[in-house]
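Chemist: Mind looking over this structure? Questions follow.
Coordinate-derived values only; no laboratory data. What you are looking at is a predicted structure, and each value in this text was computed from that prediction instead of being measured. Reconstructed Cβ throughout: ideal geometry from the backbone, glycine too, with neighbour counts over all protein chains shown.
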Amino acid sequence: MEYLAIILFLSIFLLILYGFPVAFTLGGISTIYAFCFLDPSDFSMLPSRIMGTMTNVVLLAVPLFVFMGIMLEKSGLAESLLETMAMLFGKMKGGLAISVVIVGALLAASTGIVGATVITMGLISLPTMLNRGYSPELSTGTIAASGTLGQIIPPSVVLVLLGDMLGVTVGDLFKAALLPGFLLVLSYVIYIAVYAYFNPEKAPSIPEEEIAAFKRKGFYGKIIKAFLLPFFLIVAVLGSILVGLATPTEAAAIGAMGATILTISQGKFNLKILNEVMRETTHLTTMVFIILLGATTFTFVFRELGGDTYLVNLIQESNLSPNMFLFLVMLVVFVAGFFIDFIEIIFIIVPVVAPIFEIYDMNLIWIGILLALNLQTSFLSPPFGFSLFYLKGVAPPEITTGHLYRGIIPFVIIQLVFLFLVILFPKLVFLF
């Protein structure tokens with residue numbers, strides 16, 4: 001029976017790589033195995049497991065955070081932030097790229113939706129960076145990497161899903177992700193500053209006359225307007241969680257309402273926008289929850305076949321140290337990110353390895369942050385990096401796939417080095 005569980009896992013993984021739909025492959029193949037190899041009385045427990053997942057209040061945060069992110073995309077917030085930030089850093093070499101990173105971090109803290117951030121910044125900042133003489137590699141790499149900050153900076157849909165799969169509190173994951181997220185942003189900024197110092201012609205500063213002209217048009221008022229609104233939203237969402245005033249689900253509802261009010265205040269709200277936001281939210285949420293139902297079925301069947309017990313015994317007999325097992329899991333997740341989506345990795349791999357981490361008595365909050373940092377690379381890893389697809393879809397015709405691939409290499413290296421540092425220094429996760 002244990003071998004059947006491993007065959008189930010491998011067959012699902014191979015079928016997904018072959019191109020079959022994830023949700024139906026997870027649920028369908030697992031159901032076939034259950035009918036063929038499980039006792040009917042065991043199989044009858046599956047509906048209650050599925051209902052337990054669907055009635056999980058924590059997961060209600062997913063559609064609310066998605067709604068918040070898409071509504072903010074429509075608000076015009078990103079445009080005003082990028083314009084103002086670019087002028088603040090305009091005198092520096094590479095200042096425009098640094099402003100993209102900082103705006104990406106602010107949008108991540110306001111939305112947590114990678115696709116919306118990458119597309120928005122690609123449309124707004126990529127043509128500007130290219131017109132000002134920035135190299136295509138630095139421009140595309142900066143935008144794609146900055147967009148993925150929504151994976152690790154709270155409120156992150158990834159952290160919500162990881163919290164559910166690992167059985168840890170989402171609020172604790174949000175707290176643990178704050179410092180790593182900030183330090184990763186700082187790492188990007190340092191890299192861009194160093195790159196611009198040695199390659200000034202590929203990351204020029206903005207002419208002083210242009211900055212002066214911008215400052216004459218109510219510069220400080222623009223700064224207040226550009227930063228005050230997103231700051232209030234970030235404080236309302238993250239602050240309410242961190243001080244214990246609201247659960248992540250309640251904070252997500254606050255964020256969804258706050259994003260709507262912000263869009264109204266910017267004069268961008270109408271029934272057409274509301275309809276678009278609701279449609280996109282429904283589409284993304286439905287995709288996540290259908291995959292989640294398939295993952296619940298897979299996890300149930302895998303465990304009933306004895307797969308988790310088999311893996312635990314196998315690892316214990318092989319005398320793998322906790323650190324070696326962690327290294328293997330991180331390697332598998334990183335390689336899987338080249339071929340399948342982060343949601344699929346969370347729902348297929350994490351339920352299998354989580355019990356083993358518990359046996360090794362490893363802190364699951366720390367593991368969750370490591371997985372989130374690792375999964376961040378899946379958005380940049382060719383050939384199926386979703387940030388690359390999003391950016392290529394809105395990039396000018398002269399931007400080639402080669403530009404994208406070369407541009408993200410330094411940022412992937414930064415992410416992997418940073419992941420290694422968090423493994424070496426777990427206190428980076430537990431300072432808050």
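Chemist: Okay, which of segment 243-274 sit inside 12 Å, backbone N to the point 7 Å along the Cα-Cβ direction of F232?
Modeler: It comes to 258-266, nothing else.
Chemist: Right, here's the next one. Using DSSP loop states and a limit of at most 13 other Cβ atoms within 10 Å to flag trypsin sites (Lys or Arg not before Pro), what is the longest stretch of the chain containing no flagged site? If you can, show how the numbers build up before the last one.
Modeler: Details: sites that count: K91, R216, K217.
That would be 218-432.
Chemist: Okay, moving on. I'd like to know which of Y220, V288, F182 lies farthest towards the positive end of the charge dipole of segment 156-306, counting +1 on Cβ of Lys and Arg and -1 on Cβ of Asp and Glu.
Modeler: Positive-end residue among those listed: Y220.
Chemist: If packing is taken as the mean number of other Cβ atoms within 10 Å per residue, what is the order of 147-157, 234-244, 121-131, 369-379, highest first?
Modeler: So the order, starting with the most tightly packed, is 147-157, 369-379, 121-131, 234-244.
Chemist: Hey, what do the phi angles of segment 281-286 turn into as Karplus ³J(HN,Hα) couplings, whole Hz, using 6.51/-1.76/1.60 and θ = phi - 60°, x for Gly and Pro?
Modeler: Coupling constants for segment 281-286: 4, 4, 4, 5, 5, 4 Hz.
Chemist: Rounded to the nearest Å, what's the spacing between the alpha carbon centres of segment 242-263 and segment 191-216? Just the number, please.
Modeler: 37
Chemist: For E210 and L416, calculate 0.36 nm times their separation in residues minus their Cα-Cα distance, and state this gained length in nm to one decimal. Working shown, then result.
Modeler: Working: separation 206, 0.36 × 206 = 74.16 nm, distance 3.80 nm.
Length difference between fully extended and current span is 70.4 nm.
Chemist: Kindly provide the helix-only [θ] at 222 nm of the chain, computed as the sum of -39,500 (n - 2.57) over DSSP H runs of four or more divided by all residues, to the nearest 500 deg cm²/dmol?
Modeler: Dividing the helical sum by the residues of the chain leaves -24500 deg cm²/dmol.
Chemist: Given Cβ point charges of +1 (Lys, Arg) and -1 (Asp, Glu) and nothing else, what value in debye, to the nearest 20, does the dipole of segment 306-432 about its Cα centre take?
Modeler: In debye, rounded to 20, segment 306-432 gives about 420.
Chemist: Which value does Rg/Rh take for the chain over its C-alpha atoms, Rh per Kirkwood?
Modeler: Rounded to two decimals, Rg/Rh equals 0.99.
Chemist: Further, regarding this structure: Rounded to the nearest 0.05, what FRET efficiency do L331 and Y220 have when you use their Cβ-Cβ distance and R0 = 51 Å?
Modeler: Values: r = 50 Å, r/R0 = 0.98.
For L331 and Y220, the calculated efficiency is 0.55.
Chemist: Can you compute 3J(HN,Hα) from phi for each residue in segment 324-329, using the Karplus curve 6.51 cos²θ - 1.76 cosθ + 1.60 with θ = phi - 60°, rounded to whole Hz and x for Gly and Pro?
Modeler: Per-residue couplings from phi come out as 5, 5, 4, 4, 4, 5 Hz.
Chemist: Please give the charge dipole size of the chain, origin at the Cα centre, charges +1 on K and R Cβ atoms and -1 on D and E Cβ atoms. Round to the nearest 20 debye.
Modeler: Values: 19 positive and 24 negative charges, 314 e Å.
In total the dipole reaches around 1500 debye.
Chemist: Whole-Hz ³J(HN,Hα) for each residue in segment 308-315, computed from phi via Karplus 6.51 cos²θ - 1.76 cosθ + 1.60 with θ = phi - 60°, x for glycine and proline: what do you get?
Modeler: 5, 5, 4, 5, 4, 5, 4, 5
Chemist: With only Lys, Arg, Asp and Glu charged, each at its Cβ (+1 for the first two, -1 for the last two), find how big the charge dipole of segment 136-278 is about the Cα centre; round to the nearest 20 debye.
Modeler: 480
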